[in-house]
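Worksheet: the structure to be examined is printed underneath.
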Amino acid sequence: MLIHKIFLLVLLAQTPAPKGSISGTVVDAVSGTALGGADIYMNPGGKSAKTDDKGNYEFKDLDSGTYKLTAYQGQGAHGSQVAHVASGQNVTLDFRLTTAAEISGKVTDENGEPVPGANVFLIAREYRLGALRYVYARLSNTDDRGVYHLKNVDAGTGYLIEAVKQDRYLRAISDAPADPKLRKRATVPTFYPNGESVAAGQVLVLAAGEKRDGMDISLRRSAAYCLDGVLATERGPAPLRFSIEQSEPSSGASGDGAMYMNPPSGMAGADGRIRICDLHPGVYRLEAYDALGEGLGFFGETEVAVGDKDVHKVSVVGRAKISVRGEVAWDGKPPDQPVTGKIRLTLEPMTRAFFGAELNATHPPPLAVPGEFALQGVLADDYLTKTFGIPDGIYVKDILYGGQSALREPIHAGKTMGTDLRIMLGTDGGKISLKTQDKDGNAIPECTVVLFPDTANSEAALADSMIPGQTDQYGAYTSATIAPGSYYVLATGDAVNRTPESIGKLMRARTQAQKVDLKAGGSAAVTLLPVSLQ
Amino acid sequence: MLLFLLLLSAISGRVVEDRSGNALPSAEIRVMRGSEVMAELETNSDGRFELPDLPAGDYRLEVSKPNYQAATLKLPADPLIVRLVRFGVISGHVLDADGKAVSSATVFAMRRQGDSGPWRPFAPYERGHQALVDENGEYRLFNLPPGQYAAEVTYGASKRVVSQTGQAQAGALGSGVSYYPSNSEPRIFSVSGGEDYSDIDFSIAPGALYQVSGKLDLETPKRGFWLALTSQAQPAFATAMTAANDDGSFHFSGIPPGSYWLSAAGPAQGRGAFGMEVDENSLFGRMPLEVGGDVEGVTVGLQKGRSASLMLAYSVQGCPAALEFSFSSLEDSGADLESNISIGFDKPVKTRPLPPGRYLLTPKTSDLKCPAPSPFILDWSKPVNETIKIPVEHHANP
């Protein structure tokens, strides 16, 4: 064995390792026609290629290694695959791209008149942090005929469509008449076909490449109410900026992206007084904060319910930025060898984009394991905590904020002040590895793999605790280090995401999944026949 | 007083389209007394509205509806009929010779001062006044108030594309600016109320395209210089833009033949909707260039801009001592030279440092009681030291 190794080394020194290549064809998943002009990006290496008229591409002169290739056609269709290139090997990697769908229609008022300048949102429905959440995914603005076009709609995913007509710039003190009967009626955000809430919206699922026209929405109306109140800091009334938006749907992450809308906003005068009108009955999130950008020092938000009358004396207190002390700690016995790798932590606001001034707090430098850290300048808001780059052999067992688990819950930085953020690392984890094969024992490459604990007893819990992955070109997959316990493991050719449709299928597929008991510090290996999700 | 109150409370009115007299449903009416909104009303499906009971006073109605020009009417009015003028629409396609969409082409609504002034983009950042073609090559200009318009398309490595993406790439069609139907004789679209010009289709079929390359006259390598080629005949938009390399070398491809201004500016502080952001330390270059074949080895000299000194020619008692003007470049150099400037009667003001070229000063406000200047063209092709006086027309009080 030793001799063999020396021989190889000598050989490597004498002649450079032969280079490999990856080539293939990009076709439309539905029609099967070749897609010319598609872009293929390779990582690592950062190379890119374009397909020719026959849909062919090639990357030459590749060192042996693992590469991820992503193909894009237009703005919507894309797909990624992983290839292992051995020395001198020519790997074939074909892509079947699903062309995005489109939705179009017209927004009118109750007289059938077109409504120009309305926002029409595609609303994604996804389980996140214990609940089904409704999040903006795409936006189209109606033209002078009231016509909208929502493009790059993912096929096979259920969406709602919402039409909204609102002023984006608010005066501090609205000039709407005091008597509600003398006010113009408010426009109610309307979900296709004519619902006034997400629950009343119709879920639309489009096929690949489908162009669905005629999704017309007649905007509903209601009596218009006002809210008045004062914006303040802890020192008293203050000329803060404010914004107001309905609690649901909201901005945020969905799919493999995120969309953030600036809600209607304005700025209070020195007395901090505000009067916001043209409100339909509903639940709103009202935010107050000081100047945008670097100066941001105060942030506050409150929920306001508008019923059948004006709401008076609303108070929003912008709280000063807070410091959060934190610790990366072992849960139980530390490992025998010290850990040199660091872990990354980010705090993500649940329903808004980052302010520039909070980035130091929300994106701290890598954290030592174990070690203490401090997040300077966290705003008094709700955040989702995310950890990345966990070194091999350990796993995040829990994240505690104020003693409560934040693994499946947002942290409420404003409401539980002065508490510590503790990232608890477990050393008793293990790994599950698997191979996907057909009935004859042939490896099936590039399958979706899903692991989820058998304790996940609801769709929301399953979505939060599932571990998705993909087998490589040899049909092999190995998980990261995960908590010991009992898991359902399954492989499928279908895509998996956090939508109720997808999670519902996984829930039903438990009977087809293989159950794996992962012992503390252990490993488990299984062979799976990919299943079709129903 | 009582009589007036009764009259108002009994009044109902109508909102109609100016030309046809057709009822306009869903028009919004704000009943104003001074700056106070007394009531907000809407017309029903018959275009009718009813005034609520109002205390005696001086009232006016502010009437608005999307796609129509807003109107104000003083009360009392008999009959109470509000006529709204509908905005115009220009729509069509931008296609290549094979009938394919010319991607990222943008069509602008153009207007000019009088019958012979230079064509300028009309309030291009208001809704409907510029249109990016969609994947089918369709565009639609709307919200056009009464006036005379032309339609101009920019495609290829246009300023709009460069401003938005930072990339200056011309495809197989090259770059260009083109009026409908031709640059030599733009069609005039007259809007007086509700005109809808459809099938206004641009066909982009360039003949020979050429390359232009050369070098900026830089003493030391510098980052952040941009160049623009601007047609002398159609100077409202640069035909093409390109970024210079740090050593000053630059290259344009896909340039149609013609007479151009070749402009350079930098270092740019960033890019915005109006072009590259320059400041008082920026260097500029400008030279005429004939393109009838590939042009190589052009050297563009650079120098700092020079400020013009401006003042108004007359002063009138009881009128503002200074007037606000918007300031824009008549020959698009790719740099953002748009600004506002306040020019007075008593002492000269200096503009920001400007490269040679022609600039348009448009008065922003007009006080009917005071003499007003017409839009003024500052010819800065040859900078001068003297203060330039902007004429102000005297006219009798209206």
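The values are calculated or read from the model by the stated rules, or taken from the named source; none is laboratory data. Small disclaimer: the values here were computed from a predicted structure and weren't measured. No Cβ is skipped: glycine too gets one built from the backbone with ideal geometry, and neighbour counts run over all protein chains shown.
One table, with the values for the structure above:
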| item | result |
| --- | --- |
| For A:Asp228: the one exception among (1) more than 34 Å from the chain's Cα centre (by Cα); (2) in a loop (DSSP other than H, G, I, E, B); (3) in contact (Cβ under 8 Å) with a residue 60 or more places away in the chain | (2) |
| 2 or more residues of a type outside the set (Val, Ile, Thr) and more than 20 Å from A:Asn43 (Cα to Cα): qualifying strands (runs of 3 or more DSSP E) within the range A:68-118 | A:101-108 |
| Flag for B:Ala157 being crowded, with 21+ Cβ neighbours inside 10 Å, within 22 Å of the chain's Cα centre (by Cα) and part of a loop (DSSP other than H, G, I, E, B) | yes |
| So B:Gly193, is it part of a loop (DSSP other than H, G, I, E, B), under 30 Å from B:Arg19 (Cβ atoms) and in contact (Cβ under 8 Å) with a residue 12 or more places away in the chain | yes |
| Complete set of residues in the range B:125-154 that are in a loop (DSSP other than H, G, I, E, B), closer than 16 Å to B:Phe237 by Cβ and at pLDDT 90 or above | B:His129, B:Val133 |
| Filter pass, A:Leu359 being of a type outside the set (Val, Ile, Thr), under 26 Å from the mean Cα position of the chain (by Cα) and either assigned to a loop (DSSP other than H, G, I, E, B) or within 17 Å of A:Leu400 (Cα to Cα) (or both) | no |
| Residues (surrounded by fewer than 18 Cβ atoms within 10 Å (Cβ to Cβ), touching a Lys or Arg at 6+ places or on another chain (Cβ under 9 Å) and more than 10 Å from chain A (Cβ to nearest Cβ)) located in the range B:134-148 | B:Gly147, B:Gln148 |
| Test: residue in the range B:62-69 that is within 19 Å of A:Val115 (Cα to Cα), within 12 Å of chain A (Cβ to nearest Cβ) and among the polar types (S, T, N, Q) | yes |
| Segments classed as strands (runs of 3 or more DSSP E), wholly inside the range A:375-427, with at least 3 members that are under 21 Å from the mean Cα position of the chain (by Cα) | A:382-388, A:395-401 |
| Condition met for A:Ala86 (crowded, with 20+ Cβ neighbours inside 10 Å, at pLDDT below 90 and not assigned by TED's automatic domain parsing to the domain that holds A:Leu206) | no |
| Filter result (of a type in the set (A, V, I, L, M, F, W, C) and within 14 Å of another protein chain (Cβ to nearest Cβ)) within the range A:175-218 | A:Ala176, A:Ala178, A:Leu182, A:Ala186 |
| Some residue of the range A:2-15 being modelled with pLDDT of 80 or more and among the hydrophobic types (A, V, I, L, M, F, W, C) | no |
| Single residue of the range B:62-95 satisfying the filter (free of Cβ contacts under 8 Å to residues at least 40 places away in the same chain and either outside any loop (DSSP other than H, G, I, E, B) or among the basic types (Lys, Arg) (or both)) that is nearest to A:Val147 (Cα to Cα) | B:Ser64 |
| Condition check for B:Asp98: free of Cβ contacts under 8 Å to residues at least 12 places away in the same chain and either under 36 Å from the mean Cα position of the chain (by Cα) or within 14 Å of chain A (Cβ to nearest Cβ) (or both) | yes |
| Residues satisfying the stated conditions in the range A:197-225, i.e. surrounded by 19 or more Cβ atoms within 10 Å (Cβ to Cβ), outside any loop (DSSP other than H, G, I, E, B) and touching a His at 6+ places or on another chain (Cβ under 9 Å) | A:Arg220, A:Tyr225 |
| One residue from A:Tyr289, A:Tyr284 being under 30 Å from B:Glu28 (Cα atoms) and assigned by TED's automatic domain parsing to the domain that holds A:Val164 | A:Tyr284 |
| Scope the range B:165-176; condition without any contact (Cβ under 8 Å) to a residue 40 or more places away in the chain and either outside any loop (DSSP other than H, G, I, E, B) or over 19 Å from B:Thr242 (Cα atoms) (or both); matching residues | B:Thr165 |
| From A:Ala118, A:Ala124, residue being within 14 Å of chain B (Cβ to nearest Cβ), buried (at least 22 other Cβ atoms within 10 Å of the Cβ) and touching a residue at least 12 places away in the same chain (Cβ under 8 Å) | A:Ala118 |
| The one condition in (1) over 28 Å from the mean Cα position of the chain (by Cα); (2) more than 14 Å from chain B (Cβ to nearest Cβ); (3) modelled with pLDDT of 95 or more that A:Gly112 fails to fulfil | (2) |
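Here is a yes/no grid of residues against (1) more than 14 Å from every other protein chain (Cβ to nearest Cβ); (2) modelled with pLDDT of 95 or more; (3) surrounded by fewer than 19 Cβ atoms within 10 Å (Cβ to Cβ); (4) over 20 Å from A:Arg125 (Cβ atoms):
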{"position": "A:Asn152", "(1), (2), (3), (4)": "no, no, yes, no"}
{"position": "A:Glu162", "(1), (2), (3), (4)": "yes, yes, no, no"}
{"position": "A:Ile173", "(1), (2), (3), (4)": "no, yes, yes, yes"}
{"position": "A:Arg235", "(1), (2), (3), (4)": "yes, no, yes, yes"}
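Here is a yes/no grid of residues against (1) part of a strand (DSSP E or B); (2) out of contact with any helix residue (DSSP H, G or I) (no Cβ under 8 Å at 6 or more places or on another chain); (3) not basic (Lys, Arg):
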position: B:Ala268; (1), (2), (3): no, yes, yes
position: B:Asn281; (1), (2), (3): no, yes, yes
position: B:Arg286; (1), (2), (3): yes, yes, no
position: B:Leu289; (1), (2), (3): yes, yes, yes
position: B:Gly297; (1), (2), (3): yes, yes, yes
position: B:Met311; (1), (2), (3): yes, yes, yes
